[in-house]
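**Student:** Have a look at the structure that comes next, please.
The values are calculated or read from the model by the stated rules, or taken from the named source; none is laboratory data. Everything numeric here is computed off the predicted structure, so don't read it as measured data. Cβ placement follows ideal geometry from the backbone for every residue including glycine, while neighbour counts extend to all protein chains displayed. Protein only, heavy atoms only, side chains kept; ligands, DNA and RNA dropped before computing areas. Shrake-Rupley method; radii C 1.70, N 1.55, O 1.52, S 1.80 Å.
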Amino acid sequence: MKAKIIVFTLLAVLIGLVSNISIVDGPYTLPSELLGIDSKVNAVRAEKGLKPLKLDGRLSRSAAVKAKHMETNNYWSHDAPDGTTPWSFIKSEGVRYSKAGENLAKCHNTIDQAVSAWVNSPAHYKNIVGEYSHFGFGHSTNADGCIIIVNHFANERLL
C-alpha cells in the first residue's frame, strides 16, 4: 500500500512538472487580474503603426517571478537590493534575447491606469513602442492589497 502511495505521489509531481513546462514553453493565458493588458499595450503600438507583440509564457513567468520577488523582499525597483537585475529573471526562463526591457506598475486600481502610467512615462513608453517581438506580464499582491505588475519585453535571438 505504501509503495502505491509513493508511486501515485511521484506521478502527481511529474504531471505537475510537465504541465508547468507546457505552460511556460507553450500557449499562455494571463491571470484574470491582467486580462486584456496585452491588448491595451498592443493598441498603443498600433497607434504608432507598429506590429503587435506576441504574448510569451516564458516572459510572463519571468515577470511573475520578478513581481513575487519584489513583494517577498519588500522593494520597488528594477534592480533588487541583492543585485539581481531584470535580465536575471528573463534569462532564468531560458529566453535568449538581443534586447530586453522591463516596465513596473504598482497600486493601480485597473489595468487601464497601469498602461496609462506607462504611456505617460517616457522610459516606459519607449519600451512599449520599442523594437521588441514578444512580451509577458506577471503580478503579485503585497500585504496591503496593492497589485504589483511587471511587464517584460524581449527581441529574441531564438524562440
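**Student:** Classify the stretch 71-157 as rounded, prolate or oblate from the Cα gyration tensor: take a ≥ b ≥ c as the square roots of its eigenvalues, call it rounded if a/c is under 1.5, otherwise prolate when a/b beats b/c and oblate if not.
**Tutor:** Oblate is the answer for the stretch 71-157, as a/c is 1.5 or above yet b/c matches or exceeds a/b.
**Student:** Which aspartates and glutamates have a Cα less than 18 Å from the Cα of Lys68, not counting those fewer than 8 places away in the same chain?
**Tutor:** Within reach: Glu33, Asp79, Asp82, Glu93, Glu102, Asp144.
**Student:** Using bins 5 angstrom wide from zero, how does P(r) for the stretch 120-159 break down, in % of all Cα pairs?
**Tutor:** For the stretch 120-159, the binned pair fractions read 6, 19, 21, 20, 16, 11, 6, 2 percent.
**Student:** Heavy-atom accessible area per residue, the stretch 67-159, 1.4 Å probe: how many Å²?
**Tutor:** 50
**Student:** Taking all protein chains in place and a 1.4 Å probe, what share, in percent, of the accessible surface of the stretch 37-159 do carbon and sulfur account for?
**Tutor:** Roughly 49 percent, rounded to a whole number.
**Student:** Can you pick out the pairs among Lys40/Lys91; Lys51/Lys99; Lys48/Lys91; Lys54/Lys126 whose Cα atoms lie more than 19 Å from each other?
**Tutor:** Lys40/Lys91; Lys48/Lys91
**Student:** Also, quick follow-up: Please identify the GluC sites (Glu not before Pro) of the stretch 80-159 that satisfy two criteria: DSSP loop assignment and at most 14 other Cβ atoms within 10 Å. Which are they?
**Tutor:** Answer by residue number: Glu131.
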